[in-house]
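Here's the structure, in structure tokens; my notes come after.
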Ligand SMILES: Nc1nc2c(ncn2[C@@H]2O[C@H](COP(=O)(O)OP(=O)(O)O)[C@@H](O)[C@H]2O)c(=O)[nH]1
Ligand SMILES: [Mg+2]
């Protein structure tokens with residue numbers, strides 16, 4: 001058991017659980033967005049599926065992390081996470097600029113408040129995933 | 001017709017190669033007087049048609065069973081233009097035995113080192129170039145299951161040649177070895193193979209890189225499908241954020257608050273309503289009291305608003321992501337993964353590109369069918385898109401009206417896409433040759449190239465599509481103003497009521513859908529009906545003719561004859577799948 005293996009095993013499980021929750025809350029008839037103040041569950045079934053599989057791949061890869069195939073699976077899973085988180089960030093930025101009903105551009109307060117929590121789970125987990133770059137570098141493979 | 005024969009040991013991937021080379025149509029024949037079957041098909045190289053035959057697997061040309069005997073006899077009878085010797089790269093030696101025999105007998109040869117992916121996994125490196133030097137015939141590494149290298153294989157078939165095996169022996173053993181006589185004895189042959197493989201096969205040498213691993217994972221269905229879902233999700237998120245930013249954030253405001261009131265007020269001939277205005281006003285400006293450019297319906301209002309404020313940002317963001325996917329090397333991998341599914345209906349993996357595009361807007365999707373090879377394939381995809389793939393605007397409105405059922409409806413429509421695709425594939429004459437896909441390594445796209453490519457595509461689209469959209473608005477406005485749309489609606493009313501079980505009032509929105517599908521779906525929301533009827537009507541609007549802009553695009557790309565054929569298919573599918581939806585809703589008790 002290496003540190004990398006433990007770390008990504010844990011991250012994988014966390015992703016998997018959040019993915020399942022997002023999937024269930026996103027099913028037709030349930031579809032709801034829960035807001036816990038700092039964390040919001042978007043309730044989007046597709047997103048849930050993606051995060052779930054992302055967690056699954058990260059977890060599967062962590063089990064054989066010493067092996068290049070294991071690292072590959074971890075990276076694949078994290079790429080999926082980065083897609084979801086990246087799109088969140090991108091749309092938050094774009095939504096913070098226009099002024100809506102009020103005018104052409106957003107007010108300064110409006111602009112800043114677009115960036116305060118709650119965030120989706122993928123966004124919270126995103127910084128923890130960046131660690132993988134260290135392992136890629138360490139292996140020296142691109 | 002010149003013949004190309006595929007020969008090799010059993011299970012080296014001959015049939016997979018054969019299927020990829022010969023496309024959808026092939027026939028299994030029985031060799032007379034035996035129980036042995038072989039498969040025949042056709043392929044084109046530089047416009048010339050070749051017959052291609054997949055021979056039964058054999059280890060040697062000295063037949064030990066019926067299959068090997070048939071292989072030997074067919075090689076003799078068919079007088080092949082070229083023989084492709086397929087070798088399993090994980091056990092080169094076994095394949096070389098047969099290859100040497102073929103060379104000794106003087107067949108013009110090309111060697112395919114297949115399963116090179118498995119060889120890599122097993123850390124076996126095969127030096128194809130060295131093998132080519134030794135044998136004196138083209139040697140190409142292939143991965144039949146993903147199509148890798150097949151394009152090169154095909155391009156080198158014309159280089160197939162006969163060689164004198166004594167020269168091979170000399171190249172390996174020096175002049176001294178030249179005294180061996182052909183045909184070689186099996187012992188001599190194995191000796192020679194040992195020497196060759198000593199120079200060509202290296203075990204334990206290949207080191208897998210992270211890129212290789214990710215590349216493999218992204219085409220294997222188990223990991224590839226979830227990745228594809230993530231990529232498409234990203235595609236849509238980016239697309240809606242970018243398009244929303246420009247359209248909702250700035251352009252709608254510009255049009256609705258400045259342009260629309262100005263032109264409504266300053267264009268001569270305005271009345272209290274559209275009907276009371278002058279004909280020119282009604283056609284060019286539309287509704288004199290409309291508060292949004294989308295609803296005004298004039299050539300200078302909706303006609304400018306739709307292409308510039310809605311479509312343009314959508315198209316730019318769309319092409320931006322598409323170009324990135326293409327340049328990173330992901331798109332070919334997606335195409336490879338879905339290839340086998342599309343193969344069943346005579347298309348190939350690249351049909352996924354227009355299909356995805358069409359979920360945004362049919363107009364660029366019709367343009368994108370140029371990616372397909374033959375007229376038949378282009379016609380099939382254009383027609384199928386027009387009928388079965390709802391555009392972005394429609395999906396948006398569907399989500400407002402019946403959010404719980406959008407997923408189901410889309411699944412139903414995709415089902416229709418493939419059923420109708422299979423039918424069309426049988427009915428339409430013409431070939432579906434394989435496009436051999438080369439899967440390039442993953443790489444970081446160059447931002448300059450991405451931007452210039454996106455710009456080229458978007459401006460190209462503008463030049464081609466805007467005149468079409470404007471003509472469309474003009475035409476439908478005129479028809480509407482003349483009362484033709486109401487008139488058609490009345491004629492079709494009874495059919496809609498009985499065959500589809502929807503209320504009579506839906507006829508007019510359906511005819512309206514000819515111009516703007518999203519608007520038609522919106523109009524349905526105002527008609528009182530049951531959920532079941534609502535589902536059927538929404539399906540109907542999707543199945544119904546594509547919007548006028550798409551129509552004109554098909555006309556431009558495929559010509560009037562194919563447009564008419566396409567319309568025939570559309571009418572047929574409309575009644576068939578619309579009726580089916582009615583039936584399913586009824587059976588499901590919704
Ligand atoms: N990994 C891998 N598998 C392959 C490749 N080519 C063929 N196969 C698989 O090998 C098996 C045998 O292929 P087939 O074409 O039936 O072999 P044939 O007996 O030579 O006709 C099938 O399961 C194929 O999917 C390849 O390039 N790579
Ligand atoms: Mg076979």
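The values are calculated or read from the model by the stated rules, or taken from the named source; none is laboratory data. The structure presented is a predicted model; accordingly, all values stated were derived computationally and were not measured. Note: ideal-geometry Cβ built from the backbone for every residue, glycine included; neighbour counts use all protein chains shown.
So the values come out like this:
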| read-out | value |
| --- | --- |
| Single residue of B:364, B:354, B:268, B:307 found to be surrounded by fewer than 20 Cβ atoms within 10 Å (Cβ to Cβ) and either assigned by TED's automatic domain parsing to the domain that holds residue B:249 or over 14 Å from the mean Cα position of the chain (by Cα) (or both) | B:268 |
| From the options B:370, B:399, residue that is in contact with a helix residue (DSSP H, G or I) (Cβ under 8 Å, 6 or more places away or on another chain) and within 14 Å of chain A (Cβ to nearest Cβ) | B:399 |
| Residue within the range B:217-239 that is surrounded by fewer than 20 Cβ atoms within 10 Å (Cβ to Cβ), over 30 Å from residue B:93 (Cβ atoms) and away from chain A (no Cβ under 12 Å) present | yes |
| Residue that is modelled with the lowest pLDDT [pool: residues in the range B:1-26 that are within 16 Å of ligand 1 (Cβ to nearest atom) and part of a strand (DSSP E or B)] | B:26 |
| Residue count for the range B:134-149, restricted to those that are outside any strand (DSSP E or B) and modelled with pLDDT under 90 | 5 |
| Test result for residue B:204, closer than 25 Å to residue A:69 by Cα, in contact with a helix residue (DSSP H, G or I) (Cβ under 6 Å, 6 or more places away or on another chain) and more than 9 Å from chain A (Cβ to nearest Cβ) | no |
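Yes/no matrix, rows are residues, columns are (1) more than 17 Å from residue B:323 (Cα to Cα); (2) in a helix (DSSP H, G or I); (3) in contact (Cβ under 8 Å) with a residue 12 or more places away in the chain:
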| site | (1), (2), (3) |
| --- | --- |
| B:356 | no, yes, yes |
| B:396 | yes, yes, yes |
| B:405 | yes, yes, yes |
| B:411 | yes, yes, no |
| B:420 | yes, yes, yes |
| B:457 | no, yes, yes |
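Table: residues versus (1) more than 10 Å from chain B (Cβ to nearest Cβ); (2) at positive phi; (3) buried (at least 17 other Cβ atoms within 10 Å of the Cβ); (4) part of a helix (DSSP H, G or I).
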residue: A:40; (1), (2), (3), (4): yes, no, no, no
residue: A:43; (1), (2), (3), (4): yes, yes, yes, no
residue: A:46; (1), (2), (3), (4): no, no, yes, yes
residue: A:50; (1), (2), (3), (4): no, no, yes, yes
residue: A:55; (1), (2), (3), (4): yes, no, yes, yes
residue: A:58; (1), (2), (3), (4): yes, no, yes, yes
residue: A:61; (1), (2), (3), (4): no, no, yes, yes
residue: A:72; (1), (2), (3), (4): no, no, yes, yes
residue: A:101; (1), (2), (3), (4): no, no, no, no
